[in-house]
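Here the structure comes first, spelled out in structure tokens, and everything after it is commentary.
The values are calculated or read from the model by the stated rules, or taken from the named source; none is laboratory data. Quantities reported herein were computed from a predicted structural model and do not represent experimental measurements. As a convention, Cβ positions derive from the backbone with ideal geometry for all residues, glycine included, and neighbour counts pool all protein chains shown. Accessible surface is based on the protein model in full, side chains and every heavy atom, while ligands, DNA and RNA are left aside. Shrake-Rupley method; radii C 1.70, N 1.55, O 1.52, S 1.80 Å.
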Amino acid sequence: NQLAGWPELIGVTSCPDGSFAALAAEGQVWVSSNSGGEWMPHAIDSEEAPQAITCDPANRIWVVGSFSSIFSSDDGGESWEFTSLDEDTILTNIQFLDEQTAFISGEFGTLLQTTDGGLTWVRLPDLEDNFYPQAMFFEDANAGWIVGLQGQILHTEDGGETWVLQQTDTLVPLFGIEKAWGELYAVGGEGTVLRQQGQQWIKLDHEQPIRVYLRAVLPVNKGNL
């Protein structure tokens, strides 16, 4: 499908009810309720630049962006609730673990958590050295990983209170992380794919001549990525 106006799409998510939502840099969320056959645009009435989108287990759509902005919609993008930390901080990632628990990360090492479904957000200790999270993955409310520049991967076992730098064998920036078939994978510059082995991350030789960066990784059928 070619969406009207050629929007610059920067993220996409699926909801438990089978719908999809795609985020456009122009401040729109395009929603499809028929498996991608048709897409309807819904504007986010804000001057802030959106960065990431997700859908929670209650089918609410969430968007985070510049100036520590957090948007949510419980009617498929028709209307939006807005909150902000009132800080000039770009929020770049959001992940819900269940209807009540979620994490948000952003520049300057910002890390937020909610335990009441997004009604309030608590600021956790900032990541050291203004670590800029490119992507994050929390397995549960305690165990999480955040990837960033220079091949860095941080790991927490106490819900973001403290972090440990895990060893990788690369200096390329990492942009995506996901769990697939019981193992964690991270992807990034120069076609890099890493797989976790204990406290270390090993670069996989996928034998593909990929020179561009990889932005995201997802599991598909029969153990493939």
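Can you give me the accessible area per residue for the stretch 43-110, using a 1.4 Å probe, in Å²?
42
Given R₀ = 30 Å, what would the calculated FRET efficiency be for residue 116 paired with residue 158, taking r from the Cβ atoms and rounding to 0.05?
On the way: r = 20 Å, r/R0 = 0.67.
The value I calculate is 0.90.
From the phi angles alone, apply the Karplus equation (6.51, -1.76, 1.60; θ = phi - 60°) to the stretch 19-28 and give each ³J(HN,Hα) in whole Hz, x where the residue is Gly or Pro.
For the stretch 19-28, the Karplus-derived couplings read 7, 10, 9, 10, 9, 10, 4, 6, x, 10 Hz, x marking Gly and Pro.
Take the alpha-carbon centre of the stretch 95-148, take the same for the stretch 179-225, and report the distance between them in whole Å.
Their Cα centres are 22 Å away from one another.
With a 1.4 Å probe and every protein chain kept in, tell me what percent of the accessible surface of the chain is carbon plus sulfur.
Carbon with sulfur: 48 percent of the solvent-accessible area.
Taking 25 Å as R0, compute the FRET efficiency from the Cβ-Cβ separation of residue 222 and residue 179 and round it to 0.05.
E between residue 222 and residue 179, to the nearest 0.05, is 0.90.
Quick one: compute the contact order of the chain, relative version, from alpha carbon pairs under 8 angstrom and 6+ residues apart, as a percent. Write out the running numbers ahead of the final one.
Working: 573 pairs, mean separation 19.8, N = 225.
Reported as a whole number, the value is 9 percent.
What full-extension length gain, to one decimal in nm, is calculated for residue 67 and residue 2 as 0.36 nm per residue of separation minus the Cα-Cα distance? Before the final figure, lay out the partial values.
Numbers: separation 65, 0.36 × 65 = 23.40 nm, distance 3.07 nm.
Contour length minus Cα-Cα distance gives 20.3 nm.
Multiply the residue gap between residue 123 and residue 38 by 0.36 nm, knock off their C-alpha separation, and tell me the result in nm, one decimal place. Working shown, then result.
Values: separation 85, 0.36 × 85 = 30.60 nm, distance 3.83 nm.
So the chain would gain 26.8 nm between residue 123 and residue 38.
Any chance you could run the full-extension gain for residue 142 through residue 169? It's 0.36 nm times the residue separation minus the Cα-Cα distance, nm to one decimal.
Numbers: separation 27, 0.36 × 27 = 9.72 nm, distance 2.57 nm.
Extra length from residue 142 to residue 169 when fully extended: 7.1 nm.
In whole Å, what is the distance between the alpha-carbon centres of the stretch 1-59 and the stretch 68-90?
The two parts, judged by their Cα centres, are 14 Å apart.
Apply the a/c threshold of 1.5 to the C-alpha gyration tensor of the stretch 12-154 and tell me whether it is rounded, prolate or oblate.
prolate
Leaving out ligands, DNA and RNA but keeping every protein chain, what accessible area does residue 84 have, in Å² rounded to the nearest 10, with a 1.4 Å probe?
Per-residue accessible area (residue 84): approximately 30 Å².
For a protection proxy built on the mean count of beta-carbon atoms within 10 angstrom, sort 130-137, 101-108 highest first, please.
Details: 130-137: 19.9, 101-108: 21.9.
Ranking the peptides 130-137, 101-108 by packing returns 101-108, 130-137.
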